[in-house]
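Sharing a structure below in structure tokens format, with a few things to ask.
The values are calculated or read from the model by the stated rules, or taken from the named source; none is laboratory data. All figures in this text were calculated on a predicted structure; none of them were measured in a lab. Neighbour counts are summed over all protein chains in view; Cβ atoms, including those assigned to glycine, are modelled from backbone coordinates with ideal geometry.
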Amino acid sequence: MTDCHCPLCGHNAPAFFPFGNPPRPNAKCPRCGALERHRFIWAFLTARKLLRSGMVVVHFAPRQCLANAIHAVVGAGYATADKEPGGADQVLDLTALAMPDKSVDGLIASHVLEHIEDDAQALREIRRMLRPGGWALLIVPQRLGRPTFEDPVAAASGAAARNEAFGHPDHVRWYGGDFADRIAGAGLEVEAFDPVGCLGDAKATRQALGTDTIHLCQRGK
């Protein structure tokens, strides 16, 4: 019996691989390696018809399976980016982007902002780069029902302190349910989408899309 379907590579399987600590069931596609958030991003982009040939799309810290799928639609205008050299098409710092104003049609940053100390500046840079009618798709680890938690001392005290405070050795905060307010504070209009609300329970379950929230942002007036 086929219970799981990967929208990125089309793989069908009785179950996906567990992944994470603690392990999440049905997390990783055994064929392409896509995790829940990568499958959700692709399902969301295609359902909303946000991609088209000839766009300029910048994708920060991408998983290769998702990068391949987006590039196949967008073409030469698609570029991957990372602050560290060697892992992407372009070396870009999300807090100081070496790109002109209003030069990007789409930007994707999944599980990136929680690594950035000055996330407010990163959000302002995202707004600056977006063309009118353009969009940014943002996902962060969140603890819904709580405010965002930041501790500068823990953030500056090394991997062990960050892991204890924020649940990961490279994170500098735990985002809460107020993440959308932080986005709006940078002048971006934002809508939040969960897998079930966006795609329905049956599709979200079969594609094992997880519980991440996609924040779809557009340049405010």
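In the stretch 166-221, which residues are β-branched (Val, Ile, Thr) and assigned to a loop (DSSP other than H, G, I, E, B)?
Across the stretch 166-221, the qualifying residues are Val172, Thr211, Thr213.
Does the stretch 192-221 hold any residues that are in contact (Cβ under 8 Å) with a residue 12 or more places away in the chain, over 20 Å from Ala120 (Cβ atoms) and of a type in the set (D, E, K, R), and which are they?
Asp194, Lys203, Arg206, Asp212 - these are the residues of the stretch 192-221 that are in contact (Cβ under 8 Å) with a residue 12 or more places away in the chain, over 20 Å from Ala120 (Cβ atoms) and of a type in the set (D, E, K, R).
Restricting attention to the stretch 1-47, report how many residues are more than 14 Å from Thr205 (Cα to Cα), out of contact with any strand residue (DSSP E or B) (no Cβ under 8 Å at 6 or more places or on another chain) and among the aliphatic types (A, V, I, L, M).
Number of matching residues: 3.
Residue-wise test of (1) loosely packed, with under 15 Cβ neighbours inside 10 Å; (2) modelled with pLDDT of 95 or more; (3) closer than 14 Å to Cys217 by Cα.
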| residue | (1), (2), (3) |
| --- | --- |
| Gly87 | yes, no, no |
| Thr95 | no, yes, no |
| Ala98 | yes, no, no |
| Ile108 | no, yes, yes |
| His111 | no, yes, no |
| Ile116 | no, yes, no |
| Ala122 | no, yes, yes |
| Trp135 | no, yes, yes |
| Pro147 | yes, yes, no |
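Now for a separate question. Can you give me the number of residues within the stretch 172-198 that are at negative phi and in contact with a Lys or Arg (Cβ under 6 Å, 6 or more places away or on another chain)?
4
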